[in-house]
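Input: a single structure, listed below in structure tokens.
Laboratory data are not the source of any read-out in this text; all were calculated from the coordinates shown. Because the structure is predicted, anything quoted here is derived from the model rather than measured. As a convention, Cβ positions derive from the backbone with ideal geometry for all residues, glycine included, and neighbour counts pool all protein chains shown.
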Amino acid sequence: MTGKALVTGASGFLGRALVPALLASGETVIAAGRKTNPFAPHPRLIWRQIDLIDPKAPLPEILCGIDVIYHLSWSTIPAEASLAPSEDARENIVGSLRLIESIAPGAALRFVFASSGGAIYGPLQQARAKEDHPLNPISAYGVSKRTVEAYLDLFAATNTIRPVSLRIGNLFGPGQNPERLFGAVTQFSKAALSGAPIVLFGDGSTVRDYVYIDDAVDALMRAARVGDSSFALNIGSGEGRSLNDIIAILEQYLQRPVKVDRRPARAFDAPFSVLDPSRATREIGWSTRVPFAEGIARTLKSLAERA
């Protein structure tokens with residue numbers, strides 16, 4: 001795999017895992033983000049510190065010669081987006097649109113968008129959500145992800161870009177920032193290791209489809225290599241894990257009970273979200289490889305080493 005890729009949001013959790021994988025595969029990478037460069041020098045890596053909503057950001061110049069865009073840039077998490085929906089829309093919807101609009105007419109590039117496998121569907125009407133499940137997000141975060149997907153579909157009909165929105169489940173694994181209060185596995189693991197109480201919203205029965213970081217990177221790269229696919233693909237394990245399940249696995253590995261601080265459930269948390277990944281398996285040959293319990297063990301080990 002050789003070519004030239006742009007990775008937006010490259011300083012985030014997913015970007016910091018994707019960029020080294022692309023370089024290892026032979027890609028030339030332009031990594032863009034709002035923070036300082038987190039990567040070691042590499043002859044095929046160019047860092048661009050930009051903000052997509054900045055009208056002075058030289059997006060047409062950056063996009064020159066690009067074969068694939070991995071659009072990972074997103075400034076909010078569900079809790080933050082619901083507190084300030086207008087700011088969420090300005091930074092994420094408008095920022096994404098400025099990127100899409102900067103693509104030169106006729107540029108036949110692949111556009112891989114990191115969408116949301118949970119927030120975009122809202123409460124499920126079936127045991128596992130397929131891509132044709134109604135999109136009824138109950139959070140501003142989900143509405144913004146759905147909106148960017150819709151714009152990509154629109155531009156695909158009027159331009160030559162080939163978009164795919166990967167509806168990724170709940171990401172976790174080594175490298176996720178435990179200070180951002182996002183990601184139950186990482187948050188719970190950090191608290192359990194330190195002896196602090198795990199903050200649990202609701203009764204612990206909330207179910208999510210968890211995806212290990214390496215598996216998500218594999219999905220992104222496979223989606224780019226295929227070149228053409230359905231406009232949306234679920235990236236999930238197809239198995240639901242409750243918050244109580246995470247606590248039980250942590251207690252098993254740590255061989256001791258963990259403290260739990262129980263708080264009221266949050267309105268923007270759908271009670272059950274599990275994805276059907278069969279389309280991704282058929283179209284890009286993807287499926288999860290890292291078992292959930294093993295992913296938690298790797299996460300615990302990484303956090304313990306950083307402590």
With the requirement that a residue be surrounded by 15 or more Cβ atoms within 10 Å (Cβ to Cβ), farther than 21 Å from Gly122 by Cα and not hydrophobic (A, V, I, L, M, F, W, C), what does the stretch 176-209 give you?
Gln176, Pro178, Thr186, Gln187, Ser189, Lys190
Within the stretch 25-38, which residues are in contact with a strand residue (DSSP E or B) (Cβ under 6 Å, 6 or more places away or on another chain), assigned to a loop (DSSP other than H, G, I, E, B) and either over 16 Å from Tyr70 (Cα atoms) or of a type in the set (S, T, N, Q) (or both)?
Asn37
Inspect all residues belonging to the stretch 75-82 and state whether any of them is in a helix (DSSP H, G or I) and either under 15 Å from Arg167 (Cβ atoms) or β-branched (Val, Ile, Thr) (or both).
yes
Where a residue in the stretch 129-147 is crowded, with 21+ Cβ neighbours inside 10 Å and its partner, wherever it lies, is among the basic types (Lys, Arg), with Cβ under 9 Å and at least six apart
Ala129/Arg167; Pro137/Lys145; Pro137/Arg146; Lys145/Arg167
What are the residue pairs meeting all of these: first residue in the stretch 270-294, first residue basic (Lys, Arg), second residue in a loop (DSSP other than H, G, I, E, B), Cβ atoms under 6 Å, and 6 or more apart or on different chains?
Arg279/Glu131
Select from the stretch 39-62 the residues that are in a loop (DSSP other than H, G, I, E, B) and either within 14 Å of Val7 (Cβ to Cβ) or of a type in the set (Gly, Ala, Ser) (or both) and list them in ascending order.
Phe39, Ala40, His42, Arg44, Ile50, Leu52, Ala57
Within the stretch 219-237, of all residues that are out of contact with any helix residue (DSSP H, G or I) (no Cβ under 8 Å at 6 or more places or on another chain) and over 19 Å from Phe182 (Cα atoms), the one surrounded by the most Cβ atoms within 10 Å (Cβ to Cβ) is Ala224
The stretch 81-99, residues that are over 25 Å from Arg110 (Cα atoms) and either among the small types (Gly, Ala, Ser) or in contact (Cβ under 8 Å) with a residue 12 or more places away in the chain (or both)
Ala81, Ser82, Ala84, Pro85, Ser86, Asp88
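Go through the stretch 248-307 and count every residue that is polar (S, T, N, Q), in a helix (DSSP H, G or I) and surrounded by fewer than 18 Cβ atoms within 10 Å (Cβ to Cβ).
Residues flagged as polar (S, T, N, Q), in a helix (DSSP H, G or I) and surrounded by fewer than 18 Cβ atoms within 10 Å (Cβ to Cβ) within the stretch 248-307 amount to 4.
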Give the residue, chosen from Ala89, Ala129, Ala119, that is under 16 Å from the mean Cα position of the chain (by Cα) and more than 21 Å from Ala224 (Cβ to Cβ).
Ala119
